[in-house]
Every structure is written in structure tokens, then in C-alpha cells.
1. When residues of region 20-46 are filtered for being more than 6 Å from the ligand (Cβ to nearest atom) and part of a helix (DSSP H, G or I), how many remain?
2. Output the number of residues of region 263-286 satisfying the condition of being of a type in the set (D, E), in a strand (DSSP E or B) and open to solvent by less than 30 Å² (accessible area, probe 1.4 Å).
3. In region 48-59, how many residues are more than 6 Å from the ligand (Cβ to nearest atom), within 18 Å of the chain's Cα centre (by Cα) and loosely packed, with under 15 Cβ neighbours inside 10 Å?
4. Among the residues of region 107-132, write down those that are open to solvent by 20 Å² or more (accessible area, probe 1.4 Å), of a type in the set (A, V, I, L, M) and within 14 Å of the ligand (Cβ to nearest atom).
5. If the requirement is being in a helix (DSSP H, G or I) and within 7 Å of the ligand (Cβ to nearest atom), which of these qualifies: A296, A289, A306, A300?
6. Being without any contact (Cβ under 8 Å) to a residue 24 or more places away in the chain and part of a loop (DSSP other than H, G, I, E, B) is the filter here, so list the residues in region 234-257 that pass it.
7. Tally the residues that are open to solvent by less than 60 Å² (accessible area, probe 1.4 Å) and not in a strand (DSSP E or B), restricting the search to region 187-233.
Amino acid sequence: MSDVKNVVIIGSGPAGLTAALYSARAELKPVVIAGLKPGGQLTETTEVENFPGFPEGIQGPELMEKMLAQVKRFGTEVVSENVVSVDFSKKPLAIATDTQTFYSKAVIIATGADANWLGLDNEQKLRGKGVSACATCDGFFFRGKEVVVIGGGDSAMEEANFLTKFATQVTIVHRRAEFKASKIMLKRAQDNPKIKFITDVTVVDVIGTDRVEGVKVKHNDTGAEENISCQGYFAAIGHTPATSIFKNSGLEINDMGYIVPKQFTETSIPGVFVAGDVHDHRYRQAVTAAGEGCKAALDAEKYLQAQES
Ligand SMILES: Cc1cc2nc3c(=O)[nH]c(=O)nc-3n(C[C@H](O)[C@H](O)[C@H](O)COP(=O)(O)OP(=O)(O)OC[C@H]3O[C@@H](n4cnc5c(N)ncnc54)[C@H](O)[C@@H]3O)c2cc1C
């Protein structure tokens, strides 16, 4: 095998590009396979106000362009392709796209996750215009406004409670009368005077042309429709990690689809490391993903050193 890379990084979000930055500066000549969403989730948003170093905030796509420029400055090879399969059963590790197969001593998986949506047209049309799937990221923009949170699990309760710091009214809209949320999380939401519940309804539409103006729901028992006036719509119905290509790879994947690290950023397969939202369903922030990219690169570097000695 003529060309075996030191590190191949799958994914070009904050985790993947930070892993590339550290690997490139360690002279490992990393290859980043960028995937179908170059730059990752932040390319889908406008203002990012919580990434350190940008006191005035920065547009998500611009932040990712800067990260890309930084990794290229240190000689990272960035491939604009999507990984379709991997073979981690032997060394070197194999990573295949539609057009070529890369062989590498180490792999860093940073394929991220995507928020789940109900599938309504306006959810996508009004993204960044009142529609969000991240209260930590966007809650601040809803100071003094009314918002709706869709969902009935722990994350919906958590997002709703968090949003009451800013919003005047938070309405949790849930498709059933019962909740999947733990009793303690549900009670915390029920005890919060700013939170109201509308249950046993189907969300029919997000109302608005340029910005969210409301949410239309249909009551499951009567069929009656109701418009809830709001300026913010938060989907809190889970995330789907991008792990389908790793299903039969031997990696440990939990029942929610997330990769389970063995310790630190190491996975159950030696030489394969993981960083960012593809394993982290708790923090889901650009800065935590970037931090993990750094850790994965340092762990990969140590692994490669140990292989050589
Ligand atoms: C609308 C929105 C607004 C947000 N706002 C903020 C904010 O203000 N502040 C904040 O800290 N966080 C914010 N977040 C969250 C933040 O974007 C994520 O936590 C962060 O991007 C996770 O980084 P990541 O590198 O782990 O994964 P991602 O950013 O999801 O990147 C995943 C990468 O993997 C690639 N990939 C996936 N599958 C494959 C494959 N098969 N082959 C090759 N590549 C693949 C994709 O192309 C992508 O490049 C926001 C998220 C969204 C959706």
C-alpha cells in the first residue's frame, strides 16, 4: 500500500477542523473529508455570539471559513467528498468515498449530528427567522418574546426552562397527553409560572412569511385547530447523529445512535477516535466540539507515537 496517511478526519465542523489544526501543527499531514455539509451545522445559522474571541459575534458561515483557512495554512488536505463506508477490521484503516479509498493509521470521527424536525415546510423556510433547535444557542435572541417548544422529553423540558430566562411566555406543545420526560424535569417545568402546556395536539404549521408569527395546532380529540401566537419556535424532538456508515464497523454505538467512547476520545477500536456532536448529546456546542477535536488530535498523536516506538 503506497500511500498510508497518518490521520484521516471525517467531518469538517468545529470538531473536525480543530482536530485538523492540531494534527497539522503536529506535522501529521492530516486529510479532512468534508462531507455533504462542509463547515458543519454552524453554516446553517446566522449570528454566533458564544464562540470565544469574537466580542461582536460572528456569522456562523464566516466562523467556519476562518477555521478552514486556518487548517489550510498549516497544510491540511481537505477533500470535498462524502465517506460512504469504512473498514476498521484491519490496519491500515480504510475509509471509502464514492471515488476513492483512503488508508490511514488513525481516524478521527467528527461527523456531527442533525436536529430532528417535524417536517413542516416553514420549519426550514423560517430557520434563523424564529425557528431554532437550540435554546442555548438562540434563546438570547428571544428576550421579551413568546416562544413555543415542541416535544415531551427531558430536552424539551430543559429547553423550555432555559428559555424562561428570556421569553415572557413559553408554551410546550406535545403530541400526547403523557410525557416521556422524567418526573423531576416535568415537575420543574410545570412549577415554572412562565411555562404553559398544550398537549394531545398535532402541529400543523409554523405561521409566518418573513419571521415566525405563530404555530397552528390541531387537537387530536376534537379536530379543532388553534393558533398559538409566538415569535420563536424551538424543535426539541431529539437529534440524529451521523453514524449510519459506522453501523457494521465494530464501533460501539448506543441505542440513540451515538458513538460511545471507551475512554477520553478513544473508541472501542484502537486508532479510531471520536469528537463532537457525533458522540456528545449533552453539550452540543461549537466550543465543546472544537475542544474535543483538539483532544482527539492529541490522543491520535500519542497513539501514533506509541505505534512507532
Ligand atoms: C442552527 C444552529 C445554530 C447553532 N448555533 C450555535 C451557537 O450559536 N453556538 C454554538 O456553540 N453552537 C451552535 N450550534 C451547535 C453547533 O453548531 C454544533 O454543536 C457543532 O457544529 C458540532 O460540531 P461537530 O464538528 O461535532 O459537528 P457538525 O458541525 O455537525 O459537523 C459535522 C461534519 O461532518 C460531516 N459529515 C457527516 N457525515 C459525513 C460523512 N459520511 N462523510 C464525511 N463527512 C461527513 C458534515 O459534512 C459536517 O462537515 C448551532 C447548531 C445549529 C444547527
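The values are calculated or read from the model by the stated rules, or taken from the named source; none is laboratory data. Values in this document were obtained by computation on a predicted structure and should not be read as measured data. Note: ideal-geometry Cβ built from the backbone for every residue, glycine included; neighbour counts use all protein chains shown. The area values use the complete protein model at the heavy-atom level, side chains included, leaving out ligands, DNA and RNA. Shrake-Rupley method; radii C 1.70, N 1.55, O 1.52, S 1.80 Å.
1. Residues in region 20-46 being more than 6 Å from the ligand (Cβ to nearest atom) and part of a helix (DSSP H, G or I): 7 in total.
2. Result for region 263-286: 0.
3. Residues meeting the conditions: 1.
4. Initially, region 107-132 is screened for residues open to solvent by 20 Å² or more (accessible area, probe 1.4 Å), giving 111, 114-122, 124-125, 127-129.
Filter again for of a type in the set (A, V, I, L, M), leaving 115, 118, 120.
Passing the criteria: only A115.
5. Being in a helix (DSSP H, G or I) and within 7 Å of the ligand (Cβ to nearest atom) holds for just one of A296, A289, A306, A300, which is A289.
6. K247, N248, E252, N254, D255, G257
7. Adding up the residues that qualify gives 9.
To keep it simple, each residue is scored yes or no on (1) open to solvent by 50 Å² or more (accessible area, probe 1.4 Å); (2) out of contact with any strand residue (DSSP E or B) (no Cβ under 9 Å at 6 or more places or on another chain).
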{"site": "M64", "(1), (2)": "no, yes"}
{"site": "F74", "(1), (2)": "yes, yes"}
{"site": "E81", "(1), (2)": "no, no"}
{"site": "A135", "(1), (2)": "no, no"}
{"site": "F166", "(1), (2)": "no, no"}
